[in-house]
Each structure stands twice: as C-alpha cells, then as structure tokens.
Amino acid sequence: MGEPDPFRGDNPFYGPDGDEIIDRVLAGRSVATVYGLALLSVLGIVTVHHWVSRLFNLRWSRKSSRIDKIRGFLISRSPKSEVNRGMSITLLLYTAATFAALFYGACYHPVVLAFRMGIVAVVNTALLYVLGAKHSPLTLLTGWTYENLNVLHRISGALTVLATIIHTVIFLVYYRLDYIVTHSWTMAGVIAGFLYILIGFSSSKRMRATAYEIFYAIHLAGSFISIPAVFFHYPTARPFALVAGAAFAYDRAVRILLDYRLVQCTSRIAPGDTVIVQLSPKTSWPRPFTWAKGQHVFITIIGCGTFESHPFTIASSPNASETMDLIIRAREGFSKRFYDQAVQAGDGAIFKAIIHGPYGVEDIHMPGKQNTLPQHTQPPTETSPLLPVAHDYRPLQKTKVLLISGGAGVAFTYPFYQEFHNNPQFDVQFLWVVPHRSFCEWICVDDKMNVWETREQGRPNVEEMTISFAGNGPCWVAACGPDPLLRAVQNGVAKLISDGHDVHLHIEAFGW
C-alpha cells in the first residue's frame, strides 16, 4: 500500500484545478526568493552607506534646506507612535513587502495560501534570529545598535506569527488528524507553529513590562526548540533554519565564552524604592570586565531569581568611577524581590551576581569620536592651505552636549556628564526630570545640573528647552526616559534640523 492521502476530503492537487494549484505553490518559492533577495539588497545599501560615511566622513559645505527638512521630518514622532517617522516608514515598507510576498497570487486556493504562508514565514525566521541576537553581524555591517535591530525584530516576529497561524490553521482544517499525529514532519510543524504562536503572544509590551521572567523563559526555550522543529518540518525550510540556528548558536556561544562573569556586588538603598548596585571589576571571575558609557548589562542575582537575567543601563563612567553602578528601581517580579531582600540585608550588603555584557554600540556622532569634524581657528586665506572640500569651516568653539533624562533614565545620561562636564571643549547642559529632589541620592548631583522636580515645578516644556539650548552651534543631544519625554526631545531636534542647525540626536529607549 502507498502513502495514505493526508487530506480530509478530495485531494486538491488531483482535482480539476490541480495543475494550477501546483503551479501556484511552486511559484511561491520564486516569490519567496525575490522577497529574500530584496531584503538582502536593502541590507547591502544600508551597509554601503554606513561604511562610506564612516570611512570617508564626507560632509559637504553646501547646505541643502530640502535635505534638512527631510531629515527633520524623519527624526520627528507623531503623537501616538513609539518610534520616529523614519523608523515608522521603514517598518511600513517592510510590512508592505512582506504582505505582498504572503498574498500575491496565493489567494487562489487555501492550500496555495497555506504553502505561501509557510515559505515566507521560514524566510523571516532566518531574519528573526539574526535581528534578535546580541552579537549580530548586522550591528557591525550597518552600525545599528541592538535596540534599533530589536524594533525590526519585534515587527518581523509579529509577521512571522501571523503567517504561522494562517499556515497552521489551514492545514489543520485540510489534513486528517490521524495523519498529522503519525508523521514526524507534520508533528515537527505543529511543534514549531505552537512555539511561534506562544512566543508571539508572550512578547506583548504588557507581558515584557509586568512578567519579564515568563517572557524570557518562553522566548529562550521556545527559540531553542523551534529551530530543529522547523528544520525537520519541510526540506524547503532547512537552509533558513540553518541560518537561524547558526545565529542563535553563535550568539549564545559568544555570550557563554566571553560575556558571562561571576562578580561580587554591593547594594545601597536609595529613595524611590530603589537599590544602587555597585560591581567591582576586581572581583570579577574568570576575567575583569570593562565597559563604555551608554552601555547596558544583564544581571542575575544569585539567591534572588538565580535563573533570571535582567537588563540594566550602566550608570557610571569607566573613566570617572571604579565601580560599575546599576540603578534598580522596584517595580514587579525580580526588581521588587531584590529590593525587599536588599532592604532586609541593609546598606552595604554584599551579593553574588552573574553578569553578561556589556552591550550597546557608541553613537558615531558622539563628541570625542574620531569622525568629529575638525575645527579651524581661522578661515582659509590666500596664504593658508585650502580646506578640504569635504569639511565645513568652523571657528574654534565648544561643542554643545545636551543630556536629558527622566527618572531612572539618568543611568544613561549621567556617565556622559561625568566625562564631559569638566572638559573645556564641551558646553554641557544636564536636565534630569524627577518627582522630587530626594531622588538626587541616586547619583552625585552638583550645582551645574538642572534637576527638575515635577511635584514642585510641574512638567517642563522639554521640546522648547531642547530648541533653546541646542539651536546655536553644533550640538549632540542624548536622552533616555519615559516615552513622552523622548517624543518631546525628538520633535525639538527635528525642528532644529529642519531649520538647518547642526544637531545630532541619540535616543536610548529599550524594548525588552
């Protein structure tokens, strides 16, 4: 006897439209190939642009008001958007291309649609794992940070889950249940589909904020199991599963071999249900750790969520502090448990911790980076050499640095203040928005800082303050904090750029 027919009713491949259905199923592979090549082409363009800009650092003296207005528009944010308009357009184009690949010519028959959903989902699976890796080759190629890639990772994941749901439901309707449970390739598909859907629904913003431990466990275990399930589900999926597996294995191997360290940390209780954790490189095993300003680490406190790993921004500069400081504010789950444990132990309590990291890429426009344009003390004259045409003439002046944070977002901006505020090359403005001044015990506050107490002063007009300070002369703006604050900073910088001002913006917003 031959292989039993998997379909509940008549096999659509043997029906009157069988040839057309087969042709459209096979055409789906060509569509998926074009879709994958299109994504690679976009990646190639971004890579070339990044490295040409970085290696040659060309910035032409002739200003273009039209380009400035476009840049300003792309940096600005609409009232309800979580990302700027440039990223919104990128996500919209990616989503449109994915929908075209999913549905173009595939709605002829449900089985054709199911096959199309499957092949596009596995193409995105490879992309999904590369985007989600801490040690992703895309960071080196494009200069995008993990946080930038994570936005694309979440959208790619949502589209993959959507395709997986449609793919799974159609085949569950058309295939006989006894066939599904007695064949390894169909069961592999069921397992992969179930895990993808579970990962997708557990990755909601609310779940990440309120039950990070559950989200992380499902994400890690589901990612580990789903790759071999996809590989054994169907031969067409195997190359993409191998790419996903390679990205996952490389990322985890580098973390284990290079990133993980056992370290001793000291806790200090601070106002606002907060613990300041200080980690000394001297106590790190098997090797000391180093970090750069603006980076973050994942930490596990042994005895308080030993199997949990949570991200925190490093709140100290390596050039101004002997310890790596973390600000952990009690919310729910791990942070609340650790706060209660630290309060019970008292100030100066010592804990054992496991850290991995640090992660994060420095902004190439950051003051002090090698790509900063040279500043000249005098304009070119008949007796002095001509300036290179790729550079602007600028009189000798201080570079402005505007650091804006809200609440625990100060963990990101404070290390920059530590390094820049005593440097005569920089004119630094530091704005920290907090509920009340007792929060100042988190860091060493001095008279040069603008600490804005919302209970006494109300909410500041951050957009107007950004425009006021950053509008005269070259300025680097860095911000971290609640979403309304970041939106105000982005829109303020967008207006300045649209008017032709030389302003660079770095926003730190985490989406874990």
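The numbers here are math on the coordinates, done by the rules we state, and not lab data. Being a predicted model, the structure only gives us computed values, none of them experimental. Note that we place each Cβ from the backbone using ideal geometry, even for glycine, and neighbour counts take in every protein chain shown.
Quick rundown of the values:
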| item | result |
| --- | --- |
| Mean Cα-pair separation over length for the range 399-508, i.e. relative contact order, pairs under 8 Å, 6 or more apart, % | 32 |
| Alpha-carbon radius of gyration plus Dmax, which is the widest Cα pair, for the range 63-108 in Å | 15.3, 52 |
| Given the chain, longest segment not containing exposed loop GluC sites (Glu not before Pro) (DSSP; at most 13 other Cβ within 10 Å) | 1-321 |
| Label-point separation in nm, D23 to N423, each point 7 Å along Cα→Cβ | 6.6 |
| For the chain: lysine pairs under 17 Å (alpha-carbon distance), excluding those fewer than 8 apart on one chain | 9 |
| The range 205-292 - percent relative contact order, Cα under 8 Å, separation 6 or more | 15 |
| Fewest-first ranking of M87, M324, using other Cβ atoms within 10 Å as the exposure measure | M87, M324 |
| Share, in percent, of DSSP beta bridges within the chain that are antiparallel, nearest 5 | 55 |
| Cα centroid separation, the range 279-313 to the range 437-461 (Å) | 28 |
| More than 24 Å apart - percent of Cα-Cα pairs taken over the range 260-359 | 13 |
| Once the Cα gyration tensor of the chain is diagonalised, semi-axes √(5λ) in Å | 46, 31, 20 |
| Equivalent ellipsoid dimensions for the range 402-512 as semi-axes, Å, which come from the Cα gyration tensor, largest first | 21, 17, 13 |
| N450 versus V52: modelled label distance in nm, points set 7 Å from Cα along the beta carbon direction | 3.9 |
| Inter-label distance, nm, simple model (7 Å from Cα along the C-beta direction), D10/Q264 | 7.9 |
